[in-house]
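Just below is one structure, and these are the notes that go with it.
The values are calculated or read from the model by the stated rules, or taken from the named source; none is laboratory data. Treat the numbers as computed from the prediction; the structure is a model and nothing was measured. Here Cβ is always computed from backbone atoms with ideal geometry, including for glycine, and neighbour counts include all displayed protein chains. Protein only, heavy atoms only, side chains kept; ligands, DNA and RNA dropped before computing areas. Shrake-Rupley method; radii C 1.70, N 1.55, O 1.52, S 1.80 Å.
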Amino acid sequence: MTCPEQHEQHGGFTLLEMSIVLAIAGLLMAGLLPALTGQIELQRRNETHKQLEEIKEALIGYAIINGRLPCPASSAIATDTAGAGISDCSSSAGVLPWATLGVNETDAWGRRFTYAATSSFSSTNFTLASSGNLNVKASSTSASNLASNLPAILLSHGANGYGAYTPQGIQITTSADADEAENSNTNSVFVTHDLTPVFDDIVLWISPNILFNRMVTAGRLP
């Protein structure tokens, strides 16, 4: 009696089945990628907001100790331009003097923070009569200010980085809208508003009232 021929059936995917699986995986990844990218950017913005708040506290702490705010740093150095003295502050805007303050050099996108300070608050010890000259508007064309007479302003130039300096001292000068351009020049006006496809700057400022209150509480003023 002869035995019927036994045929083994091998498992595994055929090339067609594998191509179908890869195609489905690609579609799924394509659908998830925008959401994942959005989550990463949101995390970076939240991290940068936190950094700016910490820097704000560091600036106030510096003022309590020294009687003045630090001068902005140039893009090439890590300390304030006045060095050890308090009588010279030739630059009203520059990069954050991160080494002087002992804070992070860059935001979550790896670019330096911009920092502007009114000279009456940074070039000498200020008093309760000191007045800032920095203003924040809702747009570059706005006639009114959201905040006026500010001692200092901090900002991150966001994901597109327009106007920011890299750790190598190179400024990013890609095209931008008028509001981002306002934040990258050296005048006393800055702009902040909700995130848009072209505007992603994060702006924070030190209120004179808060600064004065903290100085009085610390016994530095009047």
- [ ] Give the residue that is modelled with the highest pLDDT, with candidates limited to residues of the range 82-95 that are under 30 Å from Arg45 (Cα atoms) and open to solvent by 30 Å² or more (accessible area, probe 1.4 Å).
- [x] Ser92
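For the range 115-130, what are the residues that are within 23 Å of Gln51 (Cβ to Cβ) and not in a loop (DSSP other than H, G, I, E, B)?
Residues of the range 115-130 within 23 Å of Gln51 (Cβ to Cβ): 115-118, 121-122.
The answer is Tyr115, Ala116, Ala117, Phe121, Ser122.
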TODO: State which residue pairs qualify: first residue of a type in the set (D, E, K, R) and inside the range 194-208, second residue open to solvent by 50 Å² or more (accessible area, probe 1.4 Å) in any location, beta carbons under 8 Å apart, and separation of 6 or more residues or different chains.
DONE: Asp200/Asn160
Task: Where a residue in the range 56-74 is on the phi > 0 side of the Ramachandran plot and its partner, wherever it lies, is buried (at least 24 other Cβ atoms within 10 Å of the Cβ) and outside any helix (DSSP H, G or I), with Cβ under 8 Å and at least six apart - done: Gly67/Phe126
Open item on the list: Just to check your reading of the model, which residue among Thr79, Thr2 is surrounded by 11 or more Cβ atoms within 10 Å (Cβ to Cβ) and at pLDDT below 90?
Closed with: Thr79
Open item on the list: Looking at the range 131-146, can you tell me whether even one residue there is hydroxyl-bearing (Ser, Thr, Tyr), modelled with pLDDT of 90 or more, outside any loop (DSSP other than H, G, I, E, B) and out of contact with any helix residue (DSSP H, G or I) (no Cβ under 8 Å at 6 or more places or on another chain)?
Closed with: no
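Okay, residues lined up against (1) exposed (fewer than 15 other Cβ atoms within 10 Å of the Cβ); (2) in contact (Cβ under 8 Å) with a residue 40 or more places away in the chain; (3) touching a Ser or Thr at 6+ places or on another chain (Cβ under 9 Å):
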{"site": "Pro97", "(1), (2), (3)": "no, no, yes"}
{"site": "Gly102", "(1), (2), (3)": "yes, yes, no"}
{"site": "Trp109", "(1), (2), (3)": "no, yes, yes"}
{"site": "Arg112", "(1), (2), (3)": "no, yes, yes"}
{"site": "Ala117", "(1), (2), (3)": "no, yes, yes"}
{"site": "Ser122", "(1), (2), (3)": "no, yes, yes"}
{"site": "Ser131", "(1), (2), (3)": "yes, yes, yes"}
{"site": "Asn135", "(1), (2), (3)": "no, yes, yes"}
{"site": "Thr141", "(1), (2), (3)": "yes, no, no"}
- [ ] Report, by residue number, each residue of the range 177-187 that is small (Gly, Ala, Ser) and surrounded by 15 or more Cβ atoms within 10 Å (Cβ to Cβ).
- [x] Ser184
Open item on the list: Looking at Asp200, Asp194, can you tell me which residue is assigned to a loop (DSSP other than H, G, I, E, B) and buried (at least 18 other Cβ atoms within 10 Å of the Cβ)?
Closed with: Asp200
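Inside the range 147-165, can you point out the residues that are open to solvent by less than 10 Å² (accessible area, probe 1.4 Å) and part of a loop (DSSP other than H, G, I, E, B)? I'd like the intermediate steps shown before the answer.
Of the range 147-165, the ones open to solvent by less than 10 Å² (accessible area, probe 1.4 Å) are 150-158, 161, 163-164.
If the condition is that a residue be open to solvent by less than 10 Å² (accessible area, probe 1.4 Å) and part of a loop (DSSP other than H, G, I, E, B), then Pro151, His157, Gly158, Gly161, Gly163, Ala164 are the ones that fit.
Does the range 95-141 hold any residues that are basic (Lys, Arg) and closer than 17 Å to Lys56 by Cβ, and which are they?
Within the range 95-141, the subset basic (Lys, Arg) is 111-112, 137.
Hit for the range 95-141 is Arg112, nothing else.
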TODO: Can you confirm whether the range 171-186 contains a residue that is more than 29 Å from Phe126 (Cα to Cα) and either touching a Lys or Arg at 6+ places or on another chain (Cβ under 7 Å) or in contact (Cβ under 8 Å) with a residue 60 or more places away in the chain (or both)?
DONE: yes
